[in-house]
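Okay, structure first, notes after.
The values are calculated or read from the model by the stated rules, or taken from the named source; none is laboratory data. Just so it is clear, the structure is predicted and the values come from calculations on it, not from any experiment. In this analysis, Cβ positions are derived from the backbone assuming ideal geometry, glycine residues included, and neighbour counts consider all displayed protein chains.
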Amino acid sequence: MAFEWPDIDRKSLKMFTGRNPPWNELAKDCVCFANARGGTILIGIENKAKEPPEGQIIPKDLLGKIHKRVGELTVNVTVALTLKTTDSGAQYIELKIPRSYAPASTTDGRYYLRISDECKPLLGDEIQRLLNERSTQPWETRTSLQIPRGHADQVKLAIFAKGIRESERVKLSVKEKSEPELLDHYSMTEGPWLTNMGVLCIGRQADRARLGTAPVIQFIKYDERGQKVNKLIWDENDLTPMELVEAVWREVPDFREQYELPDGLFRHYLPLYDEVVVRELLVNALVHRPYTQGGGHLFESASRSFGDRQSWFASPGGHPPQYFARHLSPQ
């Protein structure tokens with residue numbers, strides 16, 4: 001193993017298995033590489049060493065933790081992690097960071113650039129120069145993972161195409177397109193590759209997990225004393241955003257609750273939550289998040305005194321990508 005070129009860095013495994021892993025420092029290094037020409041961080045190989053320590057074993061959950069924390073602490077940074085094993089059986093993590101199409105930063109608004117073998121902060125005019133140099137290609141149309149279009153999940157693709165063809169809001173000329181033509185029309189493919197949007201909406205679970213920014217949804221319920229009484233999480237990258245909307249509406253038990261209204265000898269039951277409103281809130285939460293940044297979505301339901309209830313949705317981000325907004329709710 002020879003890793004002597006400047007686009008590779010090394011970090012000791014001990015740094016990430018202690019009580020306070022240096023997540024902010026790792027995020028800064030990833031931003032540095034993303035703003036330069038990309039690079040690789042080898043976790044589990046000591047500085048200036050060529051091999052990991054003999055007998056070293058990587059904790060099973062560490063790759064997931066690194067993927068999650070880098071996504072939560074950076075913007076416009078994509079990472080791919082691979083568990084590597086040497087001929088002697090020692091393990092280490094290869095963390096690859098491709099060059100970013102848009103300026104990469106930490107979530108607290110700091111910009112860095114890899115210069116030679118050092119990570120330098122960018123200030124003032126340097127940040128503007130970085131902004132001017134980067135492509136304006138939107139996130140959803142990029143093909144950074146280089147996943148062949150033939151690797152789409154065929155079941156999800158069929159469901160997507162069926163939804164488009166049954167929609168009353170789609171033109172007849174679009175409905176008549178073949179599945180490959182639909183993917184090109186909605187920018188889910190670019191040449192031989194799936195775009196980021198394609199991976200998110202019709203990709204396989206493993207590929208969606210590689211995006212690092214696929215949505216996570218949490219449902220949290222509190223009682224009248226503010227104590228948490230229920231929590232549901234959708235974070236396995238198995239579902240597309242469209243499927244997440246369906247899953248949350250179907251699986252949150254509170255959405256089945258009803259009001260009882262007396263009417264003489266009869267009783268009328270009205271749903272506590274309006275399905276149309278809930279779906280609209282979920283769609284808004286999903287399309288308004290930045291898909292260049294990791295982190296989850298949150299739905300909270302809190303019971304108050306006198307039986308009143310307050311519920312709210314929270315999601316990071318601003319305006320939705322133009323393609324994603326129409327993909328999520330073709331109906």
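It is to be established whether one or more residues within segment 148-165 are under 25 Å from residue 33 (Cα atoms) and surrounded by 15 or more Cβ atoms within 10 Å (Cβ to Cβ). No, segment 148-165 contains no residue that is under 25 Å from residue 33 (Cα atoms) and surrounded by 15 or more Cβ atoms within 10 Å (Cβ to Cβ). The set of residues in segment 68-101 that are touching a residue at least 12 places away in the same chain (Cβ under 8 Å) and part of a loop (DSSP other than H, G, I, E, B) comprises 76, 77, 78, 79, 86, 88, 89, 90, 98, 99, 100, 101. Scanning segment 9-36 for residues that are of a type in the set (Asp, Glu) and closer than 18 Å to residue 68 by Cβ, we see that the one that is surrounded by the fewest Cβ atoms within 10 Å (Cβ to Cβ) is 25.
Restricting the search to segment 192-222, which residues are part of a helix (DSSP H, G or I) and closer than 26 Å to residue 255 by Cα? Listed by number, the list holds a single entry, 201. Among the numbered conditions (1) farther than 25 Å from residue 198 by Cβ; (2) in contact with a strand residue (DSSP E or B) (Cβ under 7 Å, 6 or more places away or on another chain), the only one that residue 278 does not meet is (2). Of all residue pairs spaced 6 or more apart or on separate chains, those with beta-carbon atoms under 8 Å, a first member in segment 248-274 that is closer than 12 Å to residue 232 by Cβ and a second member that is part of a loop (DSSP other than H, G, I, E, B) are 254/272; 254/273; 255/272; 255/273. When the residues of segment 129-143 are filtered to those that are polar (S, T, N, Q) and either surrounded by fewer than 17 Cβ atoms within 10 Å (Cβ to Cβ) or not in a helix (DSSP H, G or I) (or both), the one that is modelled with the highest pLDDT is 143.
So that you can scan it fast, the table gives a plain yes or no per residue for (1) surrounded by 12 or more Cβ atoms within 10 Å (Cβ to Cβ); (2) over 26 Å from the mean Cα position of the chain (by Cα); (3) at pLDDT below 85; (4) in a helix (DSSP H, G or I):
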| position | (1), (2), (3), (4) |
| --- | --- |
| 237 | yes, no, no, no |
| 244 | yes, no, no, yes |
| 247 | yes, no, no, yes |
| 250 | no, no, no, yes |
| 279 | yes, no, no, yes |
| 283 | yes, no, no, yes |
| 299 | yes, no, yes, no |
| 306 | no, yes, yes, yes |
| 310 | no, yes, yes, no |
